[in-house]
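First comes the structure, then the notes that go with it.
Every read-out reported here was derived from the displayed coordinates using simple, explicitly stated rules and does not represent laboratory data. These figures come from a predicted structure and were not determined experimentally. Heads up, the Cβs are rebuilt from the backbone with ideal geometry, glycines too, and the neighbour counts pull from every protein chain shown.
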Amino acid sequence: MTYAADRLWEEAAYVAYYLHWSLDSILDLEHPVRRRVIDEVGRIHRQLAEDD
């Protein structure tokens, strides 16, 4: 199964925006690890928004 290029770019942009990681570092992650990072960043972001 191939992963949709548009979705991969969305994930890469999200991680790069919030964590300032290089594209190479993001693309080196296995898909489940990248999804976990995205989920955790989202959780932290939501928590910070609730605390404001």
Inset, instruction - Give the label of the value calculated from the structure for semi-axes √(5λ) of the Cα gyration tensor in Å, choosing from (1) 22, 12, 9; (2) 42, 13, 4; (3) 34, 20, 4. - result: (1)
Legend entry - Formal net charge of residues neighbouring Gln47 (Cβ-Cβ distance under 13 Å; K, R +1; D, E -1): -3
Legend entry - Structure-based [θ]222 nm, the chain - -39500 (n - 2.57) summed over DSSP H runs of at least 4, per residue, nearest 500: -25500 deg cm²/dmol
Inset, instruction - Could you work out how far helix 5-19 tilts from the main Cα principal axis of the chain, as a 0 to 90 degree angle to the nearest 10? - result: 40
Inset, instruction - Could you go through the stretch 43-48 in sequence order and give the Karplus-derived ³J(HN,Hα) for each residue, using 6.51 cos²θ - 1.76 cosθ + 1.60 with θ = phi - 60°, rounded to whole Hz, and x for Gly and Pro? - result: 4, 4, 4, 5, 4, 5
Inset, instruction - Filter the GluC sites (Glu not before Pro) in the stretch 1-38 to those in DSSP coil with at most 11 other Cβ atoms within 10 Å of their Cβ, and list the result. - result: Glu30
